[in-house]
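Engineer: Here you go, one structure.
The values are calculated or read from the model by the stated rules, or taken from the named source; none is laboratory data. Here the structure is a predicted model, which is why all the values come from computation and not from measurement. We place every Cβ from the backbone using ideal geometry, glycine too, and count neighbours over all the protein chains shown. The area values use the complete protein model at the heavy-atom level, side chains included, leaving out ligands, DNA and RNA. Shrake-Rupley method; radii C 1.70, N 1.55, O 1.52, S 1.80 Å.
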Amino acid sequence: LERFVSGGRNLMSEMPEPWFWRAPTDNDWGEGLQRTANVWRTNRRKSLGGTVEEHEDRVVVRGEYYLVDAPSKYVVTYTFMADGSLKVEVDWERKGEFVPELPRLGMRMILPEEYTNLKYYGRGPWENYSDRKESSFIALYEQSTDEQLFPYVRPQESGNKTDVRWLELTNEQGEGLRIEGLQPLSISAMPYRSEDLDPGFSKKQMHYSDIEPRREVVLHVDLAQRGLGGDNSWGAEPHDEYRLTADKYSYGYIIRPLQKER
């Protein structure tokens, strides 16, 4: 994809791309995930070709890729519908014997900074994860993207929402986009990229005050993130049911443009 335009406005400054990494949490550091899962920091992929199918009411574009650093196959299918919506479907399959566990399985896209109004139906109002969501109830929430990052002393992954059925990101005029999951989604939307919160292989003792918000909205639309763990913070992994260790995953969502409110 190069552009996603509605009403003469480009809704994204960077189109959806595969995304597997999260900024390490304190528990991840204790487990050494910043090293053992390091191959997921990179996003190098080799095209294996693609197909285009034209139908009366839709166009289906399918692309296949090989992920170079973590040997696996990645297939993305875009279905362009007559009503202007775009269905995105992803299939991932492990192809190497020594492919480490996924920190997350999803896609990242960058939106204009004006789309700060977040409305969603899922778990909230505070951040929640697969193994940290019992106090977060499924309801309709309206928040700002500027309040999503939790001010931990040391910057790390935060702001995630689970079991999201749909979300909308709009500006003050009601322009923006709506995303509907083909199954429950895990999402986050804030003016920070995971790179901003990730010091690399060693702790730099950064503080929340050391990072500056970007002039953009960074939207993650995931199937899931790995659990946070926490039985201890010096080596314990999340419980098995909250880990991403399967050989195959599939998920999808629909993007719909939202026009100015009248």
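Engineer: Rolling a 1.4 angstrom probe over the protein heavy atoms, how many square angstrom per residue are accessible across the chain?
Structural biologist: About 49 Å² of surface per residue is accessible.
Engineer: Okay, moving on. Looking only at Cα atoms, what is the convex hull volume of the chain per residue, in Å³?
Structural biologist: Each residue corresponds to 128 Å³ of Cα convex hull volume.
Engineer: Ok, one more. So how do 122-128, 135-141, 204-210 stack up, highest first, on mean other-Cβ count within 10 Å?
Structural biologist: Per-residue Cβ counts within 10 Å, averaged per peptide and sorted highest first, yield 122-128, 135-141, 204-210.
Engineer: For the stretch 74-215, which whole-number percentage of the solvent-accessible area (1.4 Å probe, protein heavy atoms only) is attributable to carbon and sulfur atoms?
Structural biologist: 50
Engineer: Regarding the stretch 1-141, what is the average projected area of its C-alpha convex hull, in nm²?
Structural biologist: So the mean shadow area of the Cα hull is 11.3 nm².
Engineer: Okay, next question. If R₀ is 30 angstrom, what is the calculated FRET efficiency for the pair LYS73 and GLU2, using the beta carbon separation as r and rounding to 0.05?
Structural biologist: The calculated FRET efficiency here is 0.80.
Engineer: Sticking with this structure for a sec: How far apart, in nanometres, would the label points at ILE138 and LYS260 be if each is projected 7 angstrom from Cα along the Cα-to-Cβ direction?
Structural biologist: Output for this residue pair reads 3.7 nm.
Engineer: What distance in nm separates the simple spin-label points at TRP234 and ARG44, each placed 7 Å from Cα in the Cβ direction?
Structural biologist: Between TRP234 and ARG44, the simple spin-label model gives 3.7 nm.
Engineer: If you keep only loop residues by DSSP, which GluC sites (Glu not before Pro) in the stretch 169-206 have at most 12 other Cβ atoms within 10 Å of their Cβ?
Structural biologist: Within the stretch 169-206, the qualifying GluC sites (Glu not before Pro) (loop, at most 12 other Cβ atoms within 10 Å) are GLU172.
Engineer: Shifting gears a bit: Helix-only estimate, please: 222 nm mean residue ellipticity of the chain, summing -39500 (n - 2.57) across DSSP H runs of length 4 or more and dividing by its residues, to the nearest 500.
Structural biologist: -500 deg cm²/dmol
Engineer: If r is the Cβ-Cβ distance from GLU56 to SER85 and R0 is 25 Å, what FRET efficiency results, to the nearest 0.05?
Structural biologist: 0.95
Engineer: Starting from the Kirkwood Rh over alpha-carbon pairs, what translational D in µm² s⁻¹ does the stretch 133-262 have by Stokes-Einstein at 4 °C and 1.567 mPa s?
Structural biologist: D = 77 µm²/s.
Engineer: Given an 8 Å cut-off on Cα distances and at least 6 residues of separation, report the relative contact order of the chain as a percent.
Structural biologist: 24
Engineer: Could you let me know the centre-to-centre spacing of the stretch 1-67 and the stretch 182-261, using Cα atoms, in angstrom?
Structural biologist: 13
Engineer: In the stretch 1-110, what chymotrypsin sites (Phe, Trp or Tyr not before Pro) fall in a loop by DSSP, with at most 10 other Cβ atoms inside 10 Å?
Structural biologist: In loop regions of the stretch 1-110 (DSSP not H, G, I, E or B), the sparsely surrounded chymotrypsin sites (Phe, Trp or Tyr not before Pro) are PHE98.
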